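Asker: There's a structure below that I have some questions on.
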There are 2 protein chains.
Amino acid sequence: MKSISRAWLKVRENTTPIQLIVCAYFGLIIITFALLSLPFFRNPAGVSSPLDTFFMAVSTVSVTGLTTVPINEVYNNYGVVLLEILFQVGGLGVTMLATVGMIFTRRRISLHQRQLIQVDMNQPRLSGTVRLVYSVFGLMMALQLFFGIIFAGYFYLKSDFLNFKEALFEGFYTSITAVTNAGFDITGSSLHPYRHDYLFLFFVIVLIIVGGIGFPVLAELREWFLFRFNTKKSGRFQFSLFVKLAVFFAALFFVLGAVLIFLAELQGKFASQPLSEKVMTALFYSASTRNAGLQLDALTDFRPVTLLLFSLLMFIGASPSSVGGGVRTTTIGILLLYLYSFIRGRKDVNIFGRRIGHDDIQKAVVVVNLSLLLCGLAVLLLAATEKQSLTALIFEVASAFGTTGLSLGITGSLSVVGKIVIIVLMFIGRVGMLYMLMLFISKKEQEANYMYPVEQVIIG
Amino acid sequence: MKSISRAWLKVRENTTPIQLIVCAYFGLIIITFALLSLPFFRNPAGVSSPLDTFFMAVSTVSVTGLTTVPINEVYNNYGVVLLEILFQVGGLGVTMLATVGMIFTRRRISLHQRQLIQVDMNQPRLSGTVRLVYSVFGLMMALQLFFGIIFAGYFYLKSDFLNFKEALFEGFYTSITAVTNAGFDITGSSLHPYRHDYLFLFFVIVLIIVGGIGFPVLAELREWFLFRFNTKKSGRFQFSLFVKLAVFFAALFFVLGAVLIFLAELQGKFASQPLSEKVMTALFYSASTRNAGLQLDALTDFRPVTLLLFSLLMFIGASPSSVGGGVRTTTIGILLLYLYSFIRGRKDVNIFGRRIGHDDIQKAVVVVNLSLLLCGLAVLLLAATEKQSLTALIFEVASAFGTTGLSLGITGSLSVVGKIVIIVLMFIGRVGMLYMLMLFISKKEQEANYMYPVEQVIIG
Ligand SMILES: [K+]
Ligand SMILES: [K+]
């Protein structure tokens, strides 16, 4: 017994936080795979091969939402509830839930565990990280609960055919799927029935954005609120550079995406719609494609150029340390700032009165280019193994890497190689390209570079 | 008169070599456009709108080979000869021809002009650049002449139906189109009749590679030859880092491209072919797609994955300071080295016992990423304006940017916006993304950074 615990200590000593986090995700996938294989959660008639069940496990833990089998046919109601629980685990992340669990059970959180949280929450300082995780967790739960009740009441009042229990189920499902950006379609029609209900869509958009903007942003906004309404404190509240960048690029890509979708479909799908519906639909898809994966209509209604735009938005993805995936907004944002600075003949990359560090630029360059390389290789591989249009393949790859979960309907008919490619993309997309790279850098090498400058920005 | 020459002096003083070179290309396009508009070079029945003629002018000067009108219908024999002359101008470059012209007319070449040549030939030192240009020009001309005669003799002996004059014409056309990487198809069947003639194909591949490997490589190889057979000189001959990189990456992309094409078509087009034909066809297309644009078969015979591979090879393009275009082999090579070094946890990028400078890495990153951005935007624009498959659009964009000139047959049916997009891509692809960027950096700013390290590598 003693030798085992000594061996475990040695493993822990030589393991970096990132290696532990990636291992935890992998372990979670194995557990999910085992659970989803149990007959208890499945319909007796439903058919799902081990590869399809593994695909489902990765899709659930990465909160992507791509499925090779119809959920309703393969899984029973227990299975659906299990999936909803797993969305929380996948969306909020293993470290957040482990921390909350330890707080509830009044276990002591060791320095090593705090370091792990610090890395996963992308915090520059070790102090206050546990409190941060706890408050973000509370906020996410409160949001899901509050909007679950709001949506349930709304569905009950609006639809004559729903009894209150059904309305409650659908309300909570919508709230959970929006906040955790899960995007799994269990009803078969996603949000199609509510496509003209702008106030409802507005709240869904807000929840999607809250989920994708990143936990550090939520935590700092909370601190700012507390600071503003605490008259005893003096001085000025200073948002971190990361939070400024995350909010700036989230807003930029959201608005730019909506404008481009609006223009692309002006003479297509939007031609016969009133202006309000055009604007609302464009805003909705700009938010949803970045990571949630909810939809109002059949995607095949859109023009090819719009589907390419969707692919681009899915590839960009959400903020780091959020429920989303992809190459991450701040990462692509820093690369764009770097290119802009070069064109303007500037040596440094400056924004919000701060200089972005050379290390961060280097990481952004590597993450974006390796992500492009990975997705490009995936498209090439799929083009060799699948008999589908290039648009559908690019869409599928971007959707998997961005953990968005939208599809042009080819997921079910993918070949074995195709399914494995998508599984790898979902995993890397959720864990993040930078984590994947740092997985192979030993603890010693990482600690040599551990002294960060104070205003380091989070990449990937 | 005096005030005009004074104004000209002032313009020259404030103009960087790159600005002059880009302006010269632009002037050349205007002259070509004017010439191609003359009835003297055109068939009375041929129809070509001013936009189509301008498209033709840019395609000729950039040595791309994409055409929106059938050459044989619009232009008469004089027109075809004019095009062949313009290939030389476009392929060898304005500075090379201007230098040779000045040497022939015994004009003095000023320091300013020598600086211009130095930049266009990507030479680290000012001394010896005129001699370099002259010797490279001689080599290119000798190659075209020598292989023109070889090919003419070969065609005459092989084909019963050709008289000697026709064989001579076709032989020289093949030689010129291979060395200058022009790739315009005047016969309508490209190299299809000779697809089983491996020795002939071998020589065509060699000529394509010679044209695309870069003038500085040719010049240094010539110096090395002179050094080897000059017993008076002592010591060791040292190739520059640029030449080593250019040769290394040209070889790497050539072999890798051929292997991938071979594998992609193993169960497609190559399925029923003997091994020798498989290998030869794969080698031929790996060389031709990178910039020449010659073809042996209908491109629609290839599988979608192979067409994507072709697009990738076209985007990569040839060496800097060569007859080719694209993002350039050394540029993408340095980016790949950089990514590899990062993954291996190395701070520096080392190859051939040298460290690649931070400036060069920065330029490579910017050039590749801006090129991807440009081509991505072009594909998006074309997807909005054209009714073609995404594969055909990506292929067309890569072909224009790589100045390759292969097409899946959509060039003629492009919309006005589509034609303009392709014109812009051909121009930037030939001039190079880095030149386009440096176009807007003033002479003062450039001179501030003019002190290069000795082993600077050429980007873009
Ligand atoms: K999702
Ligand atoms: K060409």
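Asker: Within region A:76-85, is there a residue that is under 22 Å from the mean Cα position of the chain (by Cα), at pLDDT below 70 and either of a type in the set (Val, Ile, Thr) or not in a helix (DSSP H, G or I) (or both)?
Answerer: For region A:76-85, residues under 22 Å from the mean Cα position of the chain (by Cα), at pLDDT below 70 and either of a type in the set (Val, Ile, Thr) or not in a helix (DSSP H, G or I) (or both): absent.
Asker: Do we have B:PHE342 as within 14 Å of chain A (Cβ to nearest Cβ) and touching a Ser or Thr at 6+ places or on another chain (Cβ under 7 Å) here?
Answerer: Answer is no for this residue.
Asker: Suppose we filter B:SER272, B:SER319 for residues that are free of Cβ contacts under 8 Å to residues at least 12 places away in the same chain and more than 14 Å from every other protein chain (Cβ to nearest Cβ); which single one remains?
Answerer: It is B:SER272.
Asker: Do you know which of the residues in region B:183-193 that are out of contact with any Asp or Glu (no Cβ under 8 Å at 6 or more places or on another chain), under 23 Å from B:MET314 (Cα atoms) and at pLDDT 65 or above is farthest from ligand 1 (Cβ to nearest atom)?
Answerer: Per the criteria, the residue is B:LEU191.
Asker: Also: Is region A:348-363 home to any residue that is in a helix (DSSP H, G or I) and under 23 Å from A:VAL379 (Cα atoms)?
Answerer: As a first pass, look at region A:348-363 and keep what is in a helix (DSSP H, G or I): A:358-363.
Right, trim to under 23 Å from A:VAL379 (Cα atoms) and you get none.
Among the residues of region A:348-363, not one is in a helix (DSSP H, G or I) and under 23 Å from A:VAL379 (Cα atoms), which makes the answer no.
Asker: Output the residue which, of all residues in region A:378-420 that are over 24 Å from A:VAL305 (Cβ atoms) and within 12 Å of another protein chain (Cβ to nearest Cβ), is nearest to ligand 1 (Cβ to nearest atom).
Answerer: A:LEU381
Asker: Right, here's the next one. Tally time: how many residues in region A:42-75 are assigned to a helix (DSSP H, G or I) and over 17 Å from A:GLU396 (Cβ atoms)?
Answerer: Selection size over region A:42-75: 10.
Asker: Tally the residues that are not small (Gly, Ala, Ser) and not in a loop (DSSP other than H, G, I, E, B), restricting the search to region A:385-410. Don't jump to the end; show me each part of the working.
Answerer: Keep residues of region A:385-410 that are not small (Gly, Ala, Ser), which gives A:385-388, A:390-391, A:393-397, A:401, A:403-404, A:406, A:408, A:410.
Within this subset, residues satisfying the condition of being not in a loop (DSSP other than H, G, I, E, B) are A:385, A:390-391, A:393-397, A:401.
Summing the residues that are not small (Gly, Ala, Ser) and not in a loop (DSSP other than H, G, I, E, B) in region A:385-410 gives 9.
Asker: Identify the single condition in (1) within 13 Å of chain B (Cβ to nearest Cβ); (2) touching a residue at least 60 places away in the same chain (Cβ under 8 Å) that A:GLU277 does not satisfy, given that it satisfies every other one.
Answerer: Looking at each condition in turn, A:GLU277 falls short on (1).
Asker: Regarding region B:170-182, can at least one residue be identified that is crowded, with 20+ Cβ neighbours inside 10 Å and at pLDDT below 75?
Answerer: yes
Asker: Filter region A:40-66 for residues that are out of contact with any Lys or Arg (no Cβ under 8 Å at 6 or more places or on another chain) and under 20 Å from A:GLY317 (Cβ atoms); which is farthest from ligand 2 (Cβ to nearest atom)? Lay out the reasoning, then the answer.
Answerer: Keep residues of region A:40-66 that are out of contact with any Lys or Arg (no Cβ under 8 Å at 6 or more places or on another chain), which gives A:40-47, A:49-50, A:53-54, A:56-60, A:65-66.
Imposing the further condition that a residue be under 20 Å from A:GLY317 (Cβ atoms) reduces the set to A:58-60, A:65-66.
Values: A:VAL58: 44, A:SER59: 45, A:THR60: 50, A:GLY65: 45, A:LEU66: 41 Å.
Among residues in region A:40-66 that are out of contact with any Lys or Arg (no Cβ under 8 Å at 6 or more places or on another chain) and under 20 Å from A:GLY317 (Cβ atoms), the one farthest from ligand 2 (Cβ to nearest atom) is A:THR60.
Asker: Please give the number of the condition B:ASP359 fails out of (1) surrounded by fewer than 22 Cβ atoms within 10 Å (Cβ to Cβ); (2) facing chain A (nearest Cβ under 10 Å); (3) not hydrophobic (A, V, I, L, M, F, W, C).
Answerer: The one condition B:ASP359 does not meet is (2).
Asker: Return yes when B:PHE427 is within 16 Å of ligand 2 (Cβ to nearest atom), surrounded by fewer than 24 Cβ atoms within 10 Å (Cβ to Cβ) and either aliphatic (A, V, I, L, M) or modelled with pLDDT of 90 or more (or both) and no when it is not.
Answerer: Yes: the conditions hold for B:PHE427.
Asker: State which residue pairs qualify: first residue within 16 Å of A:THR180 (Cβ to Cβ) and inside region A:53-67, second residue more than 14 Å from ligand 1 (Cβ to nearest atom) and not hydrophobic (A, V, I, L, M, F, W, C) in any location, beta carbons under 6 Å apart, and separation of 6 or more residues or different chains.
Answerer: A:THR60/A:THR32; A:VAL61/A:THR32
Asker: I would also like to ask the following. I'd like the full set of residues that are within 13 Å of chain B (Cβ to nearest Cβ), surrounded by 24 or more Cβ atoms within 10 Å (Cβ to Cβ) and assigned to a helix (DSSP H, G or I), limited to region A:322-332.
Answerer: Result: A:THR331, single match.
Asker: Does B:GLY345 count as buried (at least 23 other Cβ atoms within 10 Å of the Cβ) and of a type outside the set (Ser, Thr, Tyr)?
Answerer: Values: buried (at least 23 other Cβ atoms within 10 Å of the Cβ): no; of a type outside the set (Ser, Thr, Tyr): yes.
Here the answer is no, as B:GLY345 does not meet what is asked.
Asker: Can you name the residue in region B:261-313 that is surrounded by fewer than 24 Cβ atoms within 10 Å (Cβ to Cβ) and of a type in the set (Phe, Trp, Tyr) and is also farthest from ligand 2 (Cβ to nearest atom) among such residues?
Answerer: Here the answer is B:PHE270.
Asker: Something else now. State which residue pairs qualify: first residue of a type in the set (Asp, Glu) and inside region A:286-315, second residue part of a helix (DSSP H, G or I) and surrounded by fewer than 24 Cβ atoms within 10 Å (Cβ to Cβ) in any location, beta carbons under 7 Å apart, and separation of 6 or more residues or different chains.
Answerer: A:ASP297/A:HIS192
The values are calculated or read from the model by the stated rules, or taken from the named source; none is laboratory data. Keep in mind it's a predicted model, so treat the numbers as computed, not measured. All Cβ positions, even for glycine, are placed from backbone atoms using ideal geometry, and neighbour counts span all protein chains on display.
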